[in-house]
Amino acid sequence: MEIPGRQVLESKGVVFGEAILGANIFRDLLAGVRDIVGGRSGAYESKLREGRNVALAEMIQEAKLLGADAVIGIDVDYETVGQAMLMVCASGTAVTLRKP
């Protein structure tokens with residue numbers, strides 16, 4: 001992988017960020033009704049966005065602790081845990097870059 005205009009000097013290894021979020025039962029009921037009638041579930045979309053932001057921020061923080069300048073090859077995965085939890089995992093390779 002490359003970053004346009006920058007050369008990767010060193011890989012610092014794979015870094016991760018995780019977020020596990022609980023779902024609200026009243027929001028879930030409303031989302032279920034919207035799903036039945038074909039609408040979008042703003043509540044779930046908001047939770048997905050929140051989880052992704054937390055997981056990415058944790059991954060970036062881990063990369064900074066390793067002295068990395070960037071994270072490349074990022075992958076974001078979503079899973080449900082039980083019936084009331086959402087897990088979001090982000091991973092990528094922390095790298096140092098040649099100075100411009």
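Just so it is clear, none of the values below were taken in a lab; they were calculated from the coordinates. Keep in mind that this is a model prediction, so the values were computed, not measured. Heads up, the Cβs are rebuilt from the backbone with ideal geometry, glycines too, and the neighbour counts pull from every protein chain shown.
Plainly put, the range 50-89 has a radius of gyration that is 1.07 times its Kirkwood radius, both from alpha-carbon atoms, as the Rg/Rh ratio. By the beta-carbon count within 10 Å of each Cβ, the least crowded to most crowded order of M85, M59, fewest first, is M85, M59.
Neighbours of A57 by Cβ distance under 12 Å: Lys/Arg scored +1, Asp/Glu scored -1, total -2.
Karplus-based coupling profile of the range 67-77, in residue order and whole Hz: x, 7, 9, 7, 10, 10, x, 6, 10, 10, 10, with θ = phi - 60° in 6.51 cos²θ - 1.76 cosθ + 1.60 and x standing for Gly or Pro. 3J(HN,Hα) along the range 51-59, derived from phi through the Karplus expression 6.51 cos²θ - 1.76 cosθ + 1.60 where θ = phi - 60°, amounts to x, 4, 4, 5, 4, 5, 4, 5, 5 Hz, with x in place of Gly and Pro.
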